[in-house]
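S.K.: Just dropping this structure here.
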Amino acid sequence: MCYDATARPPIPPVMGGAVPLGEEHVLTAEDGNQFAAYSAQTSPTGGPGIVILPDVRGLHPFYQELARRFAQTGVHATAIDYFGRTAGVGQGPERGEDFEYMPHVRQTTPDTIAMDAAAAVTYLRQRADRIYTVGFCFGGRNSFNQAARKHGLSGVIGFYGRVDAPTRLANGYECPVLGLFGGADRGITKEHVDGFQQALDEAGVRNELVTYEGAPHSFFDRAYEQYADACADAWRRILAFVET
């Protein structure tokens, strides 16, 4: 698990006024799967849009607020759930803290996640003129891999996503990559990150991989005051990335 029920995204350093309202809705993937999504839009139309790929718990309040925070900065945002095929249309508050997510995680595949991400990309294209993905942990790895999925993305962003599959697939990436890692994350070593960067460089993929020394897995959480500087820097890098 990446974020529990008390986790909340850090407040972005650049804000456009009041936090916009978000809305729950349902998206339909190419295979007919219906799944929960949560979107927050900014005005006017145009500009960047971002698909948020959650951690293993699927769509829950951390990512709903994150969508609103992105909209506050002028980025249209849609967070998606992974479990429409196996758990039905639902979101974190409805499922409760005792939701057994791992049996559903094990039934996801790279193809089903890519189909759901594609539906969110299509939805965002109604308002945004360029689309990115951002993901966390399980979603971080899957966010990286959307770069090889022919979505027409302008870039992919991953927080502390394992890079084994991304390293193997880097030669097929079609857009820039921003990776944000914690130096104290025992599951993702410097050697892992260096190997990913080498694969991206050899494939000619523009990339920026940043490791925050001393920061743990899941450091991007405003409850962690000791990592506030890392969180603020991560926000700045994300916003610069989606504006390039």
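The values are calculated or read from the model by the stated rules, or taken from the named source; none is laboratory data. Keep in mind it's a predicted model, so treat the numbers as computed, not measured. Here Cβ is always computed from backbone atoms with ideal geometry, including for glycine, and neighbour counts include all displayed protein chains.
S.K.: Against the conditions (1) assigned to a loop (DSSP other than H, G, I, E, B); (2) surrounded by fewer than 15 Cβ atoms within 10 Å (Cβ to Cβ); (3) in contact (Cβ under 8 Å) with a residue 24 or more places away in the chain, where does R57 fall short? Just the number, please.
M.R.: Condition (2) is where R57 drops out.
S.K.: Another one. Could you say whether any residue in the stretch 87-107 is more than 19 Å from S218 (Cβ to Cβ), of a type in the set (S, T, Y) and over 16 Å from the mean Cα position of the chain (by Cα)? Working first, answer last.
M.R.: Let us first name the residues in the stretch 87-107 that are more than 19 Å from S218 (Cβ to Cβ), namely 87-91, 93-96, 98, 100, 103-104, 106-107.
Then keep just the ones that are of a type in the set (S, T, Y); that gives none.
Checked the stretch 87-107: no residue is more than 19 Å from S218 (Cβ to Cβ), of a type in the set (S, T, Y) and over 16 Å from the mean Cα position of the chain (by Cα).
S.K.: Can you tell which of Y63, Y38 is of a type in the set (S, T, Y), modelled with pLDDT of 95 or more and within 12 Å of the chain's Cα centre (by Cα)? Give the derivation first.
M.R.: On the way: Y38 fails: within 12 Å of the chain's Cα centre (by Cα).
On inspection, the qualifying residue turns out to be Y63.
S.K.: For the stretch 73-100, give me each residue that is assigned to a helix (DSSP H, G or I) and among the hydrophobic types (A, V, I, L, M, F, W, C).
M.R.: Passing the criteria: only A87.
S.K.: Same structure, new question: Just to be sure, is Y160 surrounded by 24 or more Cβ atoms within 10 Å (Cβ to Cβ), of a type in the set (S, T, Y) and in contact with a Cys (Cβ under 7 Å, 6 or more places away or on another chain)? Quick ask: steps written out before the conclusion?
M.R.: Details: surrounded by 24 or more Cβ atoms within 10 Å (Cβ to Cβ): yes; of a type in the set (S, T, Y): yes; in contact with a Cys (Cβ under 7 Å, 6 or more places away or on another chain): yes.
The answer is yes for Y160.
S.K.: Still on this model: Any chance the stretch 184-195 includes a residue that's farther than 25 Å from I50 by Cα and touching a helix residue (DSSP H, G or I) at 6+ places or on another chain (Cβ under 7 Å)?
M.R.: Taking the stretch 184-195 first, the residues farther than 25 Å from I50 by Cα are 184-187, 189-192, 194-195.
Cutting the leftovers down to touching a helix residue (DSSP H, G or I) at 6+ places or on another chain (Cβ under 7 Å) gives us 195.
Checking the stretch 184-195: at least one residue is farther than 25 Å from I50 by Cα and touching a helix residue (DSSP H, G or I) at 6+ places or on another chain (Cβ under 7 Å).
S.K.: Which one of the conditions (1) charged (D, E, K, R); (2) at pLDDT below 95; (3) surrounded by fewer than 17 Cβ atoms within 10 Å (Cβ to Cβ) does R95 fail to meet, given that it meets all the rest?
M.R.: Going through the list (1) charged (D, E, K, R); (2) at pLDDT below 95; (3) surrounded by fewer than 17 Cβ atoms within 10 Å (Cβ to Cβ), R95 breaks only (3).
S.K.: Filter the stretch 27-50 down to residues that are assigned to a strand (DSSP E or B) and hydroxyl-bearing (S, T, Y), then give me how many there are.
M.R.: First, the residues of the stretch 27-50 that are assigned to a strand (DSSP E or B): 27-28, 34-40, 48-50.
Within this subset, residues satisfying the condition of being hydroxyl-bearing (S, T, Y) are 28, 38-39.
The qualifying residues number 3.
S.K.: Name, by its number, the condition in (1) touching a residue at least 60 places away in the same chain (Cβ under 8 Å); (2) closer than 14 Å to G90 by Cα that does not hold for A36.
M.R.: Single failed check for A36: (1).
S.K.: So, in the stretch 142-166, how many residues would count as being of a type outside the set (A, V, I, L, M) and more than 22 Å from A232 (Cα to Cα)? Explain how you work it out, then say what you get.
M.R.: Within the stretch 142-166, the subset of a type outside the set (A, V, I, L, M) is 142-146, 149-152, 154-155, 158-162, 164, 166.
When the remaining residues are screened for being more than 22 Å from A232 (Cα to Cα), the result is 142, 145-146, 149-152, 154, 162, 164, 166.
The qualifying residues number 11.
S.K.: Specify which of the listed residues (V210, V205) is without any contact (Cβ under 8 Å) to a residue 60 or more places away in the chain, among the β-branched types (V, I, T), out of contact with any Gly (no Cβ under 8 Å at 6 or more places or on another chain) and not in a helix (DSSP H, G or I). Working first, answer last.
M.R.: Values: V210 fails: out of contact with any Gly (no Cβ under 8 Å at 6 or more places or on another chain).
After ruling out the rest, the residue left standing is V205.
S.K.: Right, something else. Which is part of a loop (DSSP other than H, G, I, E, B), within 28 Å of F83 (Cβ to Cβ), of a type outside the set (K, R) and touching a residue at least 40 places away in the same chain (Cβ under 8 Å), of P13, P20? Working first, answer last.
M.R.: Working: P13 fails: within 28 Å of F83 (Cβ to Cβ).
Among P13, P20, only P20 is part of a loop (DSSP other than H, G, I, E, B), within 28 Å of F83 (Cβ to Cβ), of a type outside the set (K, R) and touching a residue at least 40 places away in the same chain (Cβ under 8 Å).
To keep it simple, each residue is scored yes or no on (1) part of a helix (DSSP H, G or I); (2) in contact with a helix residue (DSSP H, G or I) (Cβ under 9 Å, 6 or more places away or on another chain); (3) buried (at least 18 other Cβ atoms within 10 Å of the Cβ).
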position: H104; (1), (2), (3): yes, yes, yes
position: Q107; (1), (2), (3): no, yes, no
position: I113; (1), (2), (3): yes, yes, yes
position: R127; (1), (2), (3): no, no, no
position: I131; (1), (2), (3): no, yes, yes
position: V134; (1), (2), (3): no, yes, yes
position: Q146; (1), (2), (3): yes, yes, yes
position: L178; (1), (2), (3): no, yes, yes
position: F181; (1), (2), (3): no, yes, yes
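S.K.: Next question. Here are the criteria: (1) assigned to a loop (DSSP other than H, G, I, E, B); (2) more than 17 Å from the chain's Cα centre (by Cα); (3) surrounded by fewer than 16 Cβ atoms within 10 Å (Cβ to Cβ). Tell me which single one I188 does not satisfy.
M.R.: Condition not satisfied by I188: (3).
S.K.: Okay, next question. With the structure loaded, tell me whether G139 is in a helix (DSSP H, G or I) and in contact with an Asp or Glu (Cβ under 6 Å, 6 or more places away or on another chain) or whether it fails that test. Before the answer, list the steps.
M.R.: Details: in a helix (DSSP H, G or I): yes; in contact with an Asp or Glu (Cβ under 6 Å, 6 or more places away or on another chain): yes.
For G139, the condition - in a helix (DSSP H, G or I) and in contact with an Asp or Glu (Cβ under 6 Å, 6 or more places away or on another chain) - is met.
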